[in-house]
Each structure stands twice: as C-alpha cells, then as structure tokens.
Amino acid sequence: MMDSTYKTSKYKMPLFEIVGFTSTEKTFNVAFAWLSNEKEDNVIWALQQLRCLLRRETNLPKVILTDRDLALMNAIPAVFPEAAALVCRFHVKKNVRTKAAELVKVRDGEKVKAADMRERVCLAFEDVLDSSTEAEYTENVMAFRKLCERWPKFVRYVEETILDTDKEKLVSAWVDKYMHMGNHTTNRAESAHGVLKSYLTDDLGDLVKGWESIHRMLGNQFTQVQTEFGQNMSVYGHTYRKKTLYSTLMFKVSRRAMRYIHTESKRVEFTGMDSMKCGCLMRTNYGLPCACLIAKKLHHNRPIRLDEVYKHWKIICFQDEEVGGDVEDDYACTAEWQAIQERLRTADVSMKNEIRDQLRKIAYPTTTDVEPPTTNVKSKGAKKKKVVRGTRSTSRDKSRWEHVEEYFTETQASQSSKPSPSIPSHSRPSSSQPTASNPMPTVSEAPLTVSNPLPLTSSSQIFGINHMPKFMHPFIEDIINVDGDGYCGYRAVALAQRGNEDDFELIRCNMSRELRLNKDMYVAIFGCEERYQYICDALLPPPRTRQRTSIRNIVAPMDKWFTLPDMGHIVATILDRVVVQLSILQNGPCETFFPLRSIPSPNPSSRVICLGALPDHYVLVKLKVGCPIPKSNKSWKQYCAKQSLGWEDSFIAAQHRFEEMMSTENVVPIKIVGAGSRETPLVID
C-alpha cells in the first residue's frame, strides 16, 4: 500500500509512505520519502530507490494498492511493470457518494426521499464493483444505468472517470485474478499515517525531528512484530489439535493462515470436490488451499502440504538474507576500487578533490553536506511582527467528501468517529506525555525493587555517584537510573542509544543476532562453547508461565541479566560505539570495550556509552567529552580486526590519565547504611 501524508514538518513537504503486512496481518512500514512535490518524476525516483533496496526479484511486490493519485498510478508501471496496480475502493466509493449528493436530486412531491434515492444509487454502484464475472459486471452496469437514467451527468461521471479507465483495478471480476490477500483499500496506509502522527507532536519540526520520530516508531513496531512472531511459533489453537489436515502446518505457518484455512474448510459441505462451485478464490487471492482441495484432503485423510501454502504465510520469524554466488561477489567491489584508483592517478586536482569528498561521505556517514530545504522568502511588503505560534496539530485536513456529507445533513455521518464535544481530541492529554496533572516521573519517584537499590547518602545530588571512583566525580555530568527489573543493563544501553529504555527488547534481539552470525569469533572470545551457549540463552525470552504476562511486567531471572565483560563486546560491535564500565572495585572492574570489526568514526570521543555498575544494578552514566576512560579489555586486543585497532589510538591519552588517577586513589570499602543504624540514628519526636 502506498499513500502520502502531510503536516509532518515545517517545510510542508508530503511524506510518501509505503507499508506492507506480515503473515500475522500486522501492518509494518517498508519505506518513507519526503518529496518536494507529488509530480510523477519525484514519485518515480522514490519507487526506484525502493526497488534498489529489494535486490532479489522474489522480493519485488506482486500487488500494489494506491488511491487514485494519477502521478502514482503512472509511476508504478514504469518501475514495477510486473506488479498488479489496484485502486482503493474506499476512496472511489466516497467520491461517487459525494458526486451523488451533488447531482442526484428528486422533485418535490415524489414519494421517495432524496437521501433514500442516493443510497440506492450508491448500493447499485457497489454491486458493480462486487461483480464476480464479466457477465455479471455487464448486467450490473445496465441495471445501474437504468436506475440513474434521470441523472445523465452522474452516469457520465461514473463511467468516464472510473469504470472506463480503472475497472480492471477495481471490479472483482478482474481484481480477484491477483493475490491481494483481501486488501481492497489503503486503510492500512491511512492507519500507519495515524500511528506516525502520534509520534509527531506538531508540524513545526525539521526533517531531523521527523526522522527521529520515525526511528522511535520503527523500533516499537519491530518489537510488536517480533512478539507476534514469537506467539505464532509457540502457541496454537485447540481447533487444529490432533487433526490430520493441519498436522504438517503446526508452528510452520501463521495462526492467521490456519484460521483462513479453517474457515474455508466449512465450505466443503457445499462445494465438495467441485472446483466450479468452489471458485478457488482462496487459492488465487490468498495463496491458501481452497475448499475443493481441502475436500480432497479430507476424503483421503491426507494433511495439507507446506508447498501448498504461499511463502508469505510461512514467514513467522526474522530470517537473515542468504547471499551467495554473484550476490556475495558484488560486495567485494574489486573492479570498482581499481577503476577509482586508476582515475585518481590520471585525474586533475579538482577531480581528485571531488572523488575524495565523495569517498569520505561513504566512509563517514555521520558527516554530510546535505542542507535543509530552502524556503521562499517574501520580498514584498513591510516586515510583520513576530507571532508566537502555539502547537499546531498534525491532523489531516478534511477531504471533500467529508465537507459534502456535513453539508447534506440527511446523509449518513462520516466514517470517522468524532470526539466528545466536552473534551476536544487535540487537547486530550496522552499518558506518555507530561502534563500539569501527570508529570513525568523522576528518579526519586521510581518504584524501588530488590534489584534497584537505594543510592548512598552523599552530599552530591547525583544518583549513586558514590558507587563511582572519586576521581571521576568531576567528569560525571549525570547518572540516570533505569527500571530495576533484571533487564537494567539492556535498559541503560537502550536509553543511551535510542533515548527510550523500553526499547531494550530490540537491543537484546540485535545482540542475539550478532552472536548467531559470528559464532566462531565469540566462542574464541568467551573461551568455550558452554559460555557462548550461556550468553545465547541469556538473550532469549524467559520461559512462558501460565499467567499471561509481558516481558515488561516480570522480573528477569538471574540467568537473563546483563553481564560484563562478555556482553560488552557484543554491544560495542552492534552499536559501533565505545562501551565503558565504571564502578568501584567491590562492584566490578573498570574497563573499556571497542567495536570488534568496524573502522573508527571521525569523532570517536562522542560515541561513548558508560554503564555504571551498582550492587546488582546498572545505570547510565553521562560522561563529559574527553574525560579519562579505563584501559581496554584484554580480549578485545586479541580478537579485534585490524581495521578496528584505530579505536584505541584515539583514547590512549585518556586511558593513561585514568590509570594514573586510579593508582593514586585510596579506595575505601563502602557499606550501605540503613535508617536506624549507629551512623544515622532514628530521631523520634
């Protein structure tokens, strides 16, 4: 599904959004593109970028659904000629209903009311769209013409604007030849617009703010999809239990596909093995066994084979793309490097500078010369006083059919429900946003658990700073506490990387993937296969209990905790950042972990994540740029790639300073003192 949304930035650029859906029918975002305008050339460029990302022919879309945007409808055949382009029925029906409200009139004194006549006309048009065969389509069109013969302008509009041009993209007789999987509207894209707008507070931000909102949304979306995949791989309905028909499909296809098959099996009593009665729409539109095939399976007591289910329904986990042959050889770029080197030898100085600048952009993606879009400057008229603008809503403007339906009060209400008049929708406080009555919780207000200890008594106002080396206190800007549910280490990493500690599940998923893809390297680092397996198991979700509880609502067992130094290498490598553990000697050593494979970034001192180790708890420590850091972990020096050795070179001076200051500090054992002890006696009035 493809559609554009508006009011996402101060530049008033339309945001082109492309969405799909998983085997569990969960909508997910495929791509975004801000366009300067919605002309055909810009849309073609966006679709070409999408096609470059989908490298394999098997990944190309088979069906694309859009509204009646002419530029988009013309661009799709140019970029995806093999895909079937369909048009959203919802928008077409609303346009026809709007035109009927303007043109379909009745004379005074007639028995039938105007609203009832318009409803009959719209129902007749829907019958035309639902025609299952071309013969039925012809009959329904004739019936529609006869009903609307009193309004020739309306009939001309429907035929010339919709049926003559787009019947193959709208009418079931043609649409049902493609595997659209029940999608006839762009409602999924419209819903995705609404989800994105919930992350955007207003339309006054720049493109960076919009990108950050999209990034947060995609992280949460990934977690939701992963959760549904996990449920489909571990839970099944009792309807399919001990039935031969579904025996080969258990935990190999999604539960949504199983439900479709079960619903289709109820038609067996009517259709039997007759394919004419069956119609085989389930097989054509969904890629699943139809009623006549199920009848044959039941007759012979045979199960449904996996190859009789379309591959889309069998994707219930995130799979690593398998590459090999020509695809793998493409990444070597040997011929390209030789051509670049040859050109550098023969080119003039200006061309060498141009090639160098382009290579630097590729090598250091954090630096860019991209500038924000230009805004038109008004050159006429006197200067106006600055007006302080309030928060502007990102809600879309009303469509034409909505204005028409409001004008014709006798028609049915708009499809979208209106908010309560007593509380406007734009003023309702969100539970995730701070308000006067619902302020954001502070560290002191966070609930304390067994694994979330009280901070030590200190003259400083920074949480838990007495658990850090004293000589590092001047270099600590802040210490941020996280939830003490056993996932505190992952939460601290998620807070540093993504700005939201609740994204820790995504961090765990990426760490698990890194382990699986580089098993040999990590077995060597950990020293044995058993330790590697222990770390892998620690990153898996905890075992399910009878009580249905989310991973966010339970305390993790000890074997799921974040552990250093083993996990320090993984975090540094997947995030391409420097990970520092800071603590006093009782809580663990101070050491630094660098990425194992990547090339150092241009400004590595700004890419430091510091984790503070408290007793049975981790926190996020905000360090000043250029501060001392501990020595490197010994295993990193032994197993890192050659191109990664430069990471340590940028911090040698800072590490020497840390060692010098650490050697001069006299570490005094720290004990947690409770209320009522000799040091802090209770005073009773």
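State the number of residues belonging to the stretch 223-247 that are in contact (Cβ under 8 Å) with a residue 40 or more places away in the chain and open to solvent by less than 50 Å² (accessible area, probe 1.4 Å).
7
Consider D320 against the criteria (1) surrounded by 10 or more Cβ atoms within 10 Å (Cβ to Cβ); (2) at pLDDT below 70; (3) under 30 Å from G182 (Cα atoms): it satisfies all of them except one. Which criterion is unmet?
Looking at each condition in turn, D320 falls short on (1).
Go through (1) assigned to a loop (DSSP other than H, G, I, E, B); (2) open to solvent by 30 Å² or more (accessible area, probe 1.4 Å); (3) of a type outside the set (A, V, I, L, M) for T284 and report which single condition fails.
With (1) assigned to a loop (DSSP other than H, G, I, E, B); (2) open to solvent by 30 Å² or more (accessible area, probe 1.4 Å); (3) of a type outside the set (A, V, I, L, M) applied to T284, the lone miss is (1).
Per-residue answers, yes or no, for (1) free of Cβ contacts under 8 Å to residues at least 24 places away in the same chain; (2) closer than 30 Å to Q49 by Cβ; (3) in contact with a His (Cβ under 8 Å, 6 or more places away or on another chain):
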position: T66; (1), (2), (3): no, yes, no
position: L72; (1), (2), (3): no, yes, no
position: A75; (1), (2), (3): no, yes, no
position: E82; (1), (2), (3): yes, yes, no
position: T98; (1), (2), (3): no, no, no
position: E126; (1), (2), (3): no, no, no
position: W151; (1), (2), (3): no, no, no
position: D164; (1), (2), (3): yes, no, no
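Of everything in the stretch 183-211, what is part of a helix (DSSP H, G or I), within 25 Å of E371 (Cβ to Cβ), touching a residue at least 60 places away in the same chain (Cβ under 8 Å) and open to solvent by 50 Å² or more (accessible area, probe 1.4 Å)? Give them in sequence order.
Matches in the stretch 183-211: K209 only.
Kindly check whether there is at least one residue in the stretch 253-268 that is within 30 Å of the chain's Cα centre (by Cα) and free of Cβ contacts under 8 Å to residues at least 24 places away in the same chain.
Yes, the stretch 253-268 has at least one match.
Quick check on the stretch 1-16. Is at least one of its residues more than 20 Å from the chain's Cα centre (by Cα) and not in a loop (DSSP other than H, G, I, E, B)?
The answer is no, given that none of the residues of the stretch 1-16 is more than 20 Å from the chain's Cα centre (by Cα) and not in a loop (DSSP other than H, G, I, E, B).
Considering only the stretch 582-611, state which residues are more than 30 Å from the chain's Cα centre (by Cα), open to solvent by less than 10 Å² (accessible area, probe 1.4 Å) and more than 30 Å from K361 (Cα to Cα).
Within the stretch 582-611, L582, S583 qualify.
To keep it simple, each residue is scored yes or no on (1) loosely packed, with under 14 Cβ neighbours inside 10 Å; (2) modelled with pLDDT under 85.
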residue	(1), (2)
A613	no, no
A641	yes, no
S644	no, no
I652	yes, no
I672	yes, yes
G676	yes, yes
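Is it the case that the stretch 58-66 has a residue that's within 30 Å of M233 (Cα to Cα), open to solvent by 50 Å² or more (accessible area, probe 1.4 Å) and modelled with pLDDT of 90 or more?
yes
Considering only the stretch 502-524, state which residues are in a helix (DSSP H, G or I), open to solvent by 10 Å² or more (accessible area, probe 1.4 Å) and farther than 15 Å from W561 by Cα.
Result: D502, L506, N510, R513, E514, R516, L517, K519, D520, M521, V523, A524.
For the stretch 150-206, which positions are of a type in the set (G, A, S) and within 24 Å of Q224 (Cα to Cα)?
Selection gives G182, A189, S191, A192, G194, S198.
Considering only residues of the stretch 289-305 that are among the basic types (K, R) and assigned to a loop (DSSP other than H, G, I, E, B), which is least open to solvent (accessible area, probe 1.4 Å)?
So the residue we want is R305.
Of the residues in the stretch 93-122, how many are among the aliphatic types (A, V, I, L, M) and part of a loop (DSSP other than H, G, I, E, B)?
Going through the stretch 93-122 one residue at a time, the tally reaches 3.
For the stretch 84-96, enumerate the residues that are buried (at least 17 other Cβ atoms within 10 Å of the Cβ) and touching a residue at least 60 places away in the same chain (Cβ under 8 Å).
Residues satisfying the conditions are A84, A85, L86, V87, C88, R89, H91, V92, K94, N95, V96.
In the stretch 586-610, how many residues are modelled with pLDDT under 80 and under 18 Å from K634 (Cα atoms)?
Looking only at that region, the number is 1.
How many of the residues in the stretch 109-124 are open to solvent by 60 Å² or more (accessible area, probe 1.4 Å) and free of Cβ contacts under 8 Å to residues at least 12 places away in the same chain?
5
Tally time: how many residues in the stretch 128-149 are part of a helix (DSSP H, G or I), in contact (Cβ under 8 Å) with a residue 24 or more places away in the chain and buried (at least 19 other Cβ atoms within 10 Å of the Cβ)?
Total satisfying the criteria: 3.
Is there a residue being surrounded by 15 or more Cβ atoms within 10 Å (Cβ to Cβ), touching a Ser or Thr at 6+ places or on another chain (Cβ under 6 Å) and in contact (Cβ under 8 Å) with a residue 24 or more places away in the chain anywhere in the stretch 40-53?
no
Does V106 satisfy the condition of being more than 26 Å from the chain's Cα centre (by Cα), at pLDDT below 90, open to solvent by less than 60 Å² (accessible area, probe 1.4 Å) and among the hydrophobic types (A, V, I, L, M, F, W, C)?
When the stated conditions are applied, V106 passes them.
Is it true that V493 is at pLDDT 90 or above and either under 30 Å from N220 (Cβ atoms) or buried (at least 21 other Cβ atoms within 10 Å of the Cβ) (or both)?
Considered against the rule, which asks whether it is at pLDDT 90 or above and either under 30 Å from N220 (Cβ atoms) or buried (at least 21 other Cβ atoms within 10 Å of the Cβ) (or both), V493 comes out as yes.
Scan the stretch 1-19 and give yes if some residue there is small (G, A, S) and surrounded by fewer than 17 Cβ atoms within 10 Å (Cβ to Cβ), otherwise no.
Taking every residue of the stretch 1-19 in turn, none turns out to be small (G, A, S) and surrounded by fewer than 17 Cβ atoms within 10 Å (Cβ to Cβ).
For V253, state whether it is part of a loop (DSSP other than H, G, I, E, B), closer than 30 Å to C509 by Cα and modelled with pLDDT of 90 or more.
For V253, the condition - part of a loop (DSSP other than H, G, I, E, B), closer than 30 Å to C509 by Cα and modelled with pLDDT of 90 or more - is met.
The values are calculated or read from the model by the stated rules, or taken from the named source; none is laboratory data. These numbers were taken from a predicted model, which means no experiment stands behind them. Here the Cβ is made from the backbone with ideal geometry for all residues, glycine too, and neighbour counts use every protein chain on show. Remember, those area values only see protein heavy atoms, side chains included, never the ligands or the DNA or RNA. Shrake-Rupley method; radii C 1.70, N 1.55, O 1.52, S 1.80 Å.
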